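Notes to accompany the following structure.
The values are calculated or read from the model by the stated rules, or taken from the named source; none is laboratory data. This one's a predicted model, so the numbers in the text were calculated from it and none came from an experiment. Here the Cβ is made from the backbone with ideal geometry for all residues, glycine too, and neighbour counts use every protein chain on show.
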């Protein structure tokens, strides 16, 4: 028998604007200000958001990440130290023990309600592990979904300071700088997660990619810190760290870490009958924000500067 479903996902303080797409699969579309979106897509109808009665997550008996989760960032391209710090601080805040509500740690408590078939919960602990810099664009400035995996292979097989191989509780987070284009970026996705193929990487490792949209499509992938020109009258919200592209990435990173934790091999928690077109936990909470979130950031006050203690 499958474990009981967690409570309505509307209680989540915020699971971040952005949607996930699988390798070779049509994107799971949730609300973003995509140009020419239609009601026939998940992103075009409110009935697919939040605690919708039309979508029910089911457990498909696959593994979830129950051991302490280690996120291994791969910094692809040109990154400032201040940008790296924003992202690292956010990831570490997921497990902050002294955070006052509303907080990222409070949001993660809801993610932790999901279990595997042994009734073990998602890990409470999420922390940043070893990191790898790929500042010379080892695979160029235009990546396909398969070459994303090749970048990860380079990181785990490097001759100096390779990233650890951690298939049990590792999350490999490829972050591309604002001058790098990834297949479907800005057209259908702002990030996605999947697992690596042994034929490419040598191991099956859960991973996610998230791109900095500052130069390519901030009005879509850094929304609401930037707004698209084709929606008149819409005003951008002040970026809390003064970096629209990186602050926009935070929501996407949260989205992908939550879904990697609950569905790392695309056979655990999702709605729908087709695993190549799943609706996952973060997809259900697009546009849903907690008290104090001001429709912006994971239940945190939009006026707060920085992520360190949120």
Checklist entry - Restricting the search to segment 84-97, which residues are touching a residue at least 60 places away in the same chain (Cβ under 8 Å) and in a loop (DSSP other than H, G, I, E, B)? => result 94, 96
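Within segment 188-210, take every residue that is in a strand (DSSP E or B) and over 19 Å from residue 67 (Cβ atoms) and give me the one that is modelled with the lowest pLDDT. Give the steps one after another, and end with the answer.
We begin by selecting, within segment 188-210, every residue in a strand (DSSP E or B); these are 189, 191-195, 206-210.
Next, from what is left, pick out any that are over 19 Å from residue 67 (Cβ atoms): 189, 191-192, 194, 209-210.
Values: 189: 92, 191: 95, 192: 95, 194: 96, 209: 98, 210: 98.
Within segment 188-210, the match that is modelled with the lowest pLDDT is 189.
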Checklist entry - Can you name the residue in segment 125-146 that is crowded, with 16+ Cβ neighbours inside 10 Å and within 20 Å of the chain's Cα centre (by Cα) and, of all such residues, is nearest to residue 201 (Cα to Cα)? => result 145
Next on the checklist: Exactly one of these conditions fails for residue 184: (1) within 23 Å of residue 276 (Cβ to Cβ); (2) within 14 Å of the chain's Cα centre (by Cα). Give me its number.
Outcome noted: (2)
Next on the checklist: So if I check each of 191, 106, 129, 202, which one is in contact with a strand residue (DSSP E or B) (Cβ under 8 Å, 6 or more places away or on another chain), more than 23 Å from residue 275 (Cβ to Cβ) and touching a residue at least 40 places away in the same chain (Cβ under 8 Å)?
Outcome noted: 129
Checklist entry - Considering only segment 159-187, how many residues are part of a strand (DSSP E or B) and at positive phi? => result 0
Item to check | Unmet criterion (only one of (1) modelled with pLDDT under 80; (2) within 23 Å of residue 188 (Cα to Cα); (3) more than 18 Å from the chain's Cα centre (by Cα)) for residue 296 | outcome: (3)
Item to check | Some residue of segment 161-169 being under 16 Å from the mean Cα position of the chain (by Cα), at pLDDT 95 or above and either surrounded by 16 or more Cβ atoms within 10 Å (Cβ to Cβ) or closer than 24 Å to residue 82 by Cα (or both) | outcome: no
Item to check | Per-region count, segment 53-83, residues in contact (Cβ under 8 Å) with a residue 12 or more places away in the chain and under 18 Å from residue 239 (Cβ atoms) | outcome: 3
Checklist entry - What are the residues in segment 213-224 that are part of a loop (DSSP other than H, G, I, E, B), within 25 Å of residue 78 (Cβ to Cβ) and touching a residue at least 40 places away in the same chain (Cβ under 8 Å), if any? => result 223
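Condition test on residue 151, is it crowded, with 20+ Cβ neighbours inside 10 Å, within 19 Å of the chain's Cα centre (by Cα), modelled with pLDDT of 95 or more and within 19 Å of residue 86 (Cβ to Cβ)?
Criteria not met by residue 151.
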Item to check | Leading residue by the ranking (modelled with the lowest pLDDT) among those in segment 109-124 that are closer than 19 Å to residue 270 by Cβ and part of a helix (DSSP H, G or I) | outcome: 110
Checklist entry - residue 103 versus (1) at pLDDT 95 or above; (2) touching a helix residue (DSSP H, G or I) at 6+ places or on another chain (Cβ under 9 Å); (3) surrounded by 15 or more Cβ atoms within 10 Å (Cβ to Cβ): which is the lone unmet condition? => result (1)
Checklist entry - Quick one: how many residues across segment 68-100 are farther than 13 Å from residue 210 by Cβ, in contact with a strand residue (DSSP E or B) (Cβ under 8 Å, 6 or more places away or on another chain) and crowded, with 20+ Cβ neighbours inside 10 Å? => result 4
Checklist entry - Could we say that residue 301 is out of contact with any helix residue (DSSP H, G or I) (no Cβ under 8 Å at 6 or more places or on another chain) and at pLDDT below 95 here? => result yes
